[in-house]
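K.L.:
Quick one: this structure, given as structure tokens, is what I'll be asking you about.
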Amino acid sequence: METADAEVAAYIGRWRPSSVSPPAAEFARGVVAKAGPAARERAKSLLRAAGGLAGYGTGLGLDAVPGVLLHPPAVERFTRCAPGLSDAARRTLRTNLRFAGRRVVPHLYPADLPLPRDRAKQPYSPAEVAGFLALAGAQPTAERRARATGLVCPGAGAGLIRGDLRDVRGTDVACRSGGVIVQVRGPRARTVPVLSRYRGLLLAAARSAGDGLVCGGAEHGRRNLTGRLTASLDGGGGLPRLDTSRLRAAWLADCGQLLGLATFMAAAGISCSQRLGDLVSGLQPGSGEQAVALLGTAWP
């Protein structure tokens with residue numbers, strides 16, 4: 001270990017590139033020596049970053065001292081304005097300079113505080129969804145049975161929540177594109193295929209609703225679902241509390257399984273949903289028939 005550290009220190013001391021001025025190279029050597037990189041390649045990356053920062057900063061009239069050039073605003077301006085760099089190179093440059101700054105002027109880089117992050121809702125299990133449907137089928141009147149089923153099936157079978165779920169009318173559910181679809185209206189208008197295990201029940205609920213709202217009620221755009229309807233499906237038979245977001249999570253999990261999403265992400269080495277979003281943004285969604293076939297929701 002001592003031999004490796006000596007080799008890295010010797011490399012830092014010899015670093016005198018022609019691409020930066022001697023004062024900038026001297027600044028870089030001093031900063032990187034204090035940062036203490038463990039390997040020569042790491043030292044090389046830090047030297048290039050610090051040398052470029054020093055050349056840029058001194059050209060603006062800044063003092064070539066760590067407390068000035070490694071100050072976060074100076075680093076941020078350099079990484080944003082340095083010419084001829086790709087986006088990936090800018091991110092690497094900023095990472096290297098922040099690493100050096102935390103080692104050399106730590107008082108300028110206080111530790112980041114973790115920010116709270118909402119996690120995805122836990123999907124209901126198939127047995128739990130079946131329990132909610134059983135409670136819906138046990139309601140005392142045909143209208144209540146239809147409305148309760150119309151609450152569960154669009155969530156677990158088509159992933160609808162909030163306004164999309166509240167505003168579904170019986171006429172929005174139809175046999176089309178080789179399966180059963182729900183036509184979602186409003187700002188996020190789309191056509192959603194219904195998963196096969198829910199389509200018969202949802203069609204029956206839609207026929208019962210006719211032109212009316214599948215979940216019941218008469219006021220378009222109402223803010224919440226009927227309290228009594230939700231309470232009638234809430235916690236019976238040892239079931240958890242009914243949450244439409246968890247019904248949607250169950251639909252997402254079912255669709256991910258049908259699409260082989262976990263297999264694809266593992267094979268591609270993707271763990272960040274943002275990358276999936278960037279990828280999909282350049283692709284065109286398929287037709288309704290393709291969606292029905294892809295999700296395995298076509299009529300036999």
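The numbers here are math on the coordinates, done by the rules we state, and not lab data. What you see is a predicted model, and the numbers here were worked out from it, not measured in a lab. In this analysis, Cβ positions are derived from the backbone assuming ideal geometry, glycine residues included, and neighbour counts consider all displayed protein chains.
K.L.:
Putting +1 on Lys and Arg Cβ atoms and -1 on Asp and Glu Cβ atoms, find which of Gln139, Phe78, Gly150 reaches farthest to the positive end of the dipole of the range 68-196.
P.N.:
Of the options given, the answer is Phe78.
K.L.:
Can you give me the relative contact order of the chain as a percent, contacts being Cα pairs under 8 Å and 6 or more apart? Kindly include the intermediate steps, with their values, before the conclusion.
P.N.:
Details: 373 pairs, mean separation 47.8, N = 300.
Averaging sequence separation for qualifying contacts and normalising by length gives 16 percent for the chain.
K.L.:
Quick one: putting +1 on the C-beta of Lys and Arg, -1 on the C-beta of Asp and Glu, what dipole do you get for the range 2-108 around its Cα centre, in Debye to the nearest 20? If you can, show how the numbers build up before the last one.
P.N.:
Values: 16 positive and 8 negative charges, 51 e Å.
Once rounded to the nearest 20, the dipole reads 240 debye.
K.L.:
With the crude spin-label approximation of a point 7 Å out along Cα→Cβ, what separation in nm comes out for Thr95 versus Arg185?
P.N.:
Reported label-point gap for Thr95 and Arg185 is 4.9 nm.
K.L.:
Additional query: Got the relative contact order for the range 2-108 handy, in percent, Cα pairs under 8 Å and 6 or more residues apart?
P.N.:
On the way: 115 pairs, mean separation 28.2, N = 107.
Reported relative contact order: 26 percent.
K.L.:
Wrap a convex hull around the Cα atoms of the range 2-108, take a quarter of its surface area, and give that in square nanometres.
P.N.:
Working: hull surface 25.1 nm².
The orientation-averaged projected area of the Cα hull of the range 2-108 comes to 6.3 nm².
K.L.:
Report the charge-dipole magnitude of the chain in Debye, nearest 20, computed about the Cα centre from +1 at each Lys and Arg Cβ and -1 at each Asp and Glu Cβ. If you can, show how the numbers build up before the last one.
P.N.:
Values: 39 positive and 22 negative charges, 52 e Å.
Roughly 260 debye, rounded to the nearest 20.
K.L.:
Arranged by the count of other C-beta atoms within 10 angstrom, fewest first, what order do Arg190, Arg169 take? Let's see the in-between values first.
P.N.:
Details: Arg190 14, Arg169 17.
Fewest-to-most Cβ neighbours within 10 Å comes out as Arg190, Arg169.
K.L.:
Assign unit charges at the C-beta atoms only (+1 for Lys and Arg, -1 for Asp and Glu), then state the dipole size of the range 126-294 relative to its Cα centre in Debye, rounded to the nearest 20.
P.N.:
On the way: 20 positive and 12 negative charges, 61 e Å.
Using Cβ point charges on Lys, Arg, Asp and Glu, the range 126-294 gives about 300 debye.
K.L.:
Now for a different question. Under the 0.36 nm per residue contour assumption, what length would be gained going from the current alpha-carbon distance of Ala266 and Ala174 to full extension? Let's see the in-between values first.
P.N.:
Values: separation 92, 0.36 × 92 = 33.12 nm, distance 3.61 nm.
Full extension from Ala266 to Ala174 adds 29.5 nm.
K.L.:
When only C-alpha pairs under 8 Å and at least 6 residues apart count, what is the relative contact order of the range 126-294, in percent? Walk me through the numbers before you get to the answer.
P.N.:
Values: 214 pairs, mean separation 47.4, N = 169.
Once divided by the residue count of the range 126-294, the mean separation gives 28 percent.
K.L.:
While we're on this one: Rounded to two decimal places and with Rh computed the Kirkwood way over Cα pairs, what is Rg over Rh for the range 126-294? Mind showing how you got there, number by number?
P.N.:
Working: Rg = 16.6 Å, Rh = 16.8 Å.
That ratio equals 0.99.
K.L.:
Continuing with this model, one more query. Pairwise over distinct Cα atoms, reciprocal of the mean inverse distance: report the Kirkwood radius of the chain in Å, one decimal place. List each step's numbers first, then the result.
P.N.:
Numbers: mean 1/r = 0.0416 Å⁻¹.
Over the chain, the inverse of the mean reciprocal pair distance is 24.1 Å.
K.L.:
Sticking with this structure for a sec: Show that you can apply the helix-only estimate: for the chain, add -39,500 (n - 2.57) for every DSSP H stretch of four or more residues, divide by all residues, and state [θ] at 222 nm to the nearest 500. It would help to have the intermediate numbers written out before the result.
P.N.:
On the way: 15 runs with 172 residues, N = 300.
My calculation for the chain gives -17500 deg cm²/dmol from helical runs alone.
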